[in-house]
Amino acid sequence: LEIENLVLIKMGGSVITQKDKPLTANLEGIDAISAAISKAGVPIVVVHGGGSYGHYFASKYGLSTVPSLVNIAGVSKTRLAMMELDLLVVQNLEKYSVPVYQIQAYDIFDDFRLSHSGRKRISRLVNENLVPILYGDVMPSNNGFFVLSGDRIIEALALALRPKRVVFTLDVDGVYPSPDKRGEILHELTRVSAKKLEISNKSVDVTGGLAAKIRIGFKLSDYGVDVWFVNGLKPERVLGALKGETTEGTVLRASTRMQIARAGQAI
Ligand SMILES: Nc1ncnc2c1ncn2[C@@H]1O[C@H](COP(=O)(O)OP(=O)(O)OP(=O)(O)O)[C@@H](O)[C@H]1O
Ligand SMILES: [Mg+2]
């Protein structure tokens, strides 16, 4: 059962923290996205990234997206840092009267997949007009621990809930042709234009940075979802993207074949 007009938004760690300063939030970024969410008037699920909280300890203790046997102190320190960041985010959303419902990914994911009960729980919350909020987590597995990134959580939620749109917020205006971020952003990204893209992952990001995010973006656009990359420090752009208006940013358009299939389902 699809939730009509559902939008998923990723609060990028690059927006809500200062990625180059360990354990430092960017309250302006948290505030900008919270303000936009409070005004959107559509059903929303929020996921936030780790920025200089999660990625800091994850990289310090050698945690990555591949399960491995690591010092378990790193597991608890990374998770604790994420909880601290999450509390700041949730409190700020609450300040804007967004009725949040905080969920730990660990509780509703089996590895990289959203569990059946998790999917039902999220649908129920959204139907009650609550805004579920999740964040990147450290997960146990048979082969050790791995990081489930906020981007992968977005991917799994989108495949299960089939939202109308997914909005990734970044600390830049969108996707640039090259990592020096000079000149114009690419207003629309296609598989063809993406071939010429240059992306760097200089900041501390153990989960693949923008390149991994764009791969997820194409998977979701193939699946019939519009995917936006917008500057999270600009509340009016975030709001525009949430409402489905054309706004400054980079869009990966939903494949038309899948859109037609979706429209057919709705009839
Ligand atoms: N070609 C490019 N166009 C735009 N941004 C780029 C490009 N190449 C590299 N980047 C960098 O990618 C970053 C965004 O990806 P990154 O994974 O670091 O952030 P995030 O996903 O918001 O953080 P987190 O993983 O903590 O949630 C931007 O801060 C930008 O500096
Ligand atoms: Mg990232």
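The values are calculated or read from the model by the stated rules, or taken from the named source; none is laboratory data. Since this is a predicted model, take the numbers as computed values, not measurements. Cβ: placed from backbone, ideal geometry, glycine included. Neighbour counts: every protein chain shown.
Give the residue that is farthest from ligand 2 (Cβ to nearest atom), with candidates limited to residues of segment 184-217 that are at pLDDT 90 or above and small (Gly, Ala, Ser). Ranking the qualifying residues of segment 184-217, first place goes to Ser193. Taking segment 1-37 as the range and being touching a Phe, Trp or Tyr at 6+ places or on another chain (Cβ under 7 Å) and closer than 21 Å to Ser149 by Cα as the test, the residues that pass are Lys10, Gly12, Thr17, Pro22, Leu23, Ser34. Residues that are assigned to a strand (DSSP E or B) and of a type in the set (A, V, I, L, M) were ranked within segment 189-246; the one that is farthest from ligand 1 (Cβ to nearest atom) is Val227.
Residues in segment 33-52 that are touching a strand residue (DSSP E or B) at 6+ places or on another chain (Cβ under 8 Å), touching a residue at least 60 places away in the same chain (Cβ under 8 Å), surrounded by 23 or more Cβ atoms within 10 Å (Cβ to Cβ) and not β-branched (Val, Ile, Thr): 4 in all. For segment 1-26, residues that are at positive phi and within 14 Å of ligand 2 (Cβ to nearest atom) total 0. I need the full set of residues from segment 70-80 which are of a type in the set (Val, Ile, Thr), part of a helix (DSSP H, G or I), away from ligand 2 (no atom under 16 Å from the Cβ) and crowded, with 18+ Cβ neighbours inside 10 Å, in order please. Result: Val75, single match. Give the residues of segment 88-138 that are buried (at least 17 other Cβ atoms within 10 Å of the Cβ), under 18 Å from Val75 (Cβ atoms) and out of contact with any His (no Cβ under 9 Å at 6 or more places or on another chain), sorted by residue number. Ala105, Phe109, Asp137, Val138 - these are the residues of segment 88-138 that are buried (at least 17 other Cβ atoms within 10 Å of the Cβ), under 18 Å from Val75 (Cβ atoms) and out of contact with any His (no Cβ under 9 Å at 6 or more places or on another chain).
Yes or no, residue by residue, for (1) part of a helix (DSSP H, G or I); (2) farther than 26 Å from Ser64 by Cα; (3) under 19 Å from the mean Cα position of the chain (by Cα); (4) more than 13 Å from ligand 1 (Cβ to nearest atom):
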{"site": "Leu88", "(1), (2), (3), (4)": "yes, no, yes, yes"}
{"site": "Gln91", "(1), (2), (3), (4)": "yes, yes, yes, yes"}
{"site": "Val98", "(1), (2), (3), (4)": "no, yes, yes, yes"}
{"site": "Asp107", "(1), (2), (3), (4)": "yes, no, yes, yes"}
{"site": "Ser117", "(1), (2), (3), (4)": "yes, yes, no, yes"}
{"site": "Arg124", "(1), (2), (3), (4)": "yes, yes, no, yes"}
{"site": "Asn129", "(1), (2), (3), (4)": "no, yes, no, yes"}
{"site": "Ala158", "(1), (2), (3), (4)": "yes, no, yes, yes"}
{"site": "Gly174", "(1), (2), (3), (4)": "no, no, yes, no"}
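Scanning segment 85-113 for residues that are charged (D, E, K, R), under 14 Å from Val138 (Cβ atoms) and touching a strand residue (DSSP E or B) at 6+ places or on another chain (Cβ under 9 Å) returns Asp86, Asp111.
Which of the residues spanning segment 119-139 are touching a helix residue (DSSP H, G or I) at 6+ places or on another chain (Cβ under 8 Å) and touching a residue at least 24 places away in the same chain (Cβ under 8 Å)? Within segment 119-139, Arg119, Ile122, Ser123, Val131, Pro132, Ile133, Leu134, Tyr135, Gly136, Asp137, Val138, Met139 meet the criteria. Under the condition of being farther than 14 Å from Pro235 by Cα and assigned to a strand (DSSP E or B), the residues counted in segment 11-27 number 2. Selection within segment 198-208: residues that are surrounded by fewer than 19 Cβ atoms within 10 Å (Cβ to Cβ) and more than 17 Å from Leu252 (Cβ to Cβ). The member of this set that is farthest from the chain's Cα centre (by Cα) is Glu198. Filter segment 28-69 for residues that are within 13 Å of ligand 2 (Cβ to nearest atom), part of a helix (DSSP H, G or I) and among the aliphatic types (A, V, I, L, M) and give the result. Of everything in segment 28-69, just one residue is within 13 Å of ligand 2 (Cβ to nearest atom), part of a helix (DSSP H, G or I) and among the aliphatic types (A, V, I, L, M), namely Ala58. Every test in (1) more than 15 Å from ligand 1 (Cβ to nearest atom); (2) at pLDDT 95 or above is passed by Asp111 save one, and that test is (2).
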